[in-house]
Amino acid sequence: DANDPENVFESSSDSKEHFGRAYAFWTPHPWFALSAQYLYERIQSDGADQPQDLKTQRFPLGAKFFHPSGFGAGVTGTWIDQYGTLNDGTVVASRFWVVDAALTYRLPNRYGFIAVGAANLADKHFNFLDTDFRNPTLQPGRMAFARVSLALP
């Protein structure tokens, strides 16, 4: 019996995962950095806890500014295109932009960074299935953050 805790059994599923990434980074000036990326993810599975077939493409485009005083700013716009079918037959399809932005300050002697910013700056609501629910990559609503990173000698 599958519900009997005394007779636990393992079930197996056949799944395939494909990941790909291409990127270009360019610093046209010591104060500026530009980035463009393409990320591809496809999951095919017959397991109950995985999508039957899900394809996700992401196109992050970013620009960052670094002033010699230590202050900086960055913005990244990401186009997401996701399409697939869940094991129960539900179709998942969405295309949308998400914009993230942050202001930063580099501590003297490169001892770390202080950053404040927002993810999903426009508070975009979307239908997106994240394949790693323990480490979500997108915020379903606007989220403000502050971060301190220290590098002590």
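The values are calculated or read from the model by the stated rules, or taken from the named source; none is laboratory data. Remember, it's a predicted structure, so these values are computed and weren't measured experimentally. Positions of Cβ are backbone-derived with ideal geometry, glycine not excepted, and every protein chain shown enters the neighbour counts. When the accessible area is computed, the model is the full protein with side chains, heavy atoms only, and any ligands, DNA or RNA have been set aside. Shrake-Rupley method; radii C 1.70, N 1.55, O 1.52, S 1.80 Å.
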Subject >> Search result, residues across region 69-105 that are assigned to a strand (DSSP E or B) and closer than 30 Å to Pro153 by Cβ >> reply: Phe71, Gly72, Ala73, Gly74, Ala102, Leu103, Thr104, Tyr105
Original post:
Considering region 106-116 alone, what residues qualify as being of a type in the set (A, V, I, L, M, F, W, C), open to solvent by less than 60 Å² (accessible area, probe 1.4 Å) and assigned to a strand (DSSP E or B)?
Top reply: Ala115
Subject >> Set Thr56, Thr76: member being within 21 Å of Phe19 (Cα to Cα), surrounded by 13 or more Cβ atoms within 10 Å (Cβ to Cβ) and not aliphatic (A, V, I, L, M) >> reply: Thr56
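For the condition modelled with pLDDT of 85 or more and surrounded by fewer than 17 Cβ atoms within 10 Å (Cβ to Cβ), what is the one hit in Ala119, Ala144?
Ala144
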Original post:
Looking at this structure, is Ala102 closer than 30 Å to Ala151 by Cα, buried (at least 16 other Cβ atoms within 10 Å of the Cβ) and not β-branched (Val, Ile, Thr)?
Top reply: yes
Subject >> Residues (under 18 Å from the mean Cα position of the chain (by Cα) and not small (Gly, Ala, Ser)) located in region 93-115 >> reply: Arg95, Phe96, Trp97, Val98, Val99, Asp100
Original post:
Among (1) free of Cβ contacts under 8 Å to residues at least 40 places away in the same chain; (2) among the polar types (S, T, N, Q); (3) within 20 Å of Phe19 (Cβ to Cβ); (4) not in a strand (DSSP E or B), where does Thr131 come up short?
Top reply: (1)
Original post:
Just one of Gly89, Gly84 is open to solvent by less than 70 Å² (accessible area, probe 1.4 Å) and without any contact (Cβ under 8 Å) to a residue 40 or more places away in the chain; which is it?
Top reply: Gly89
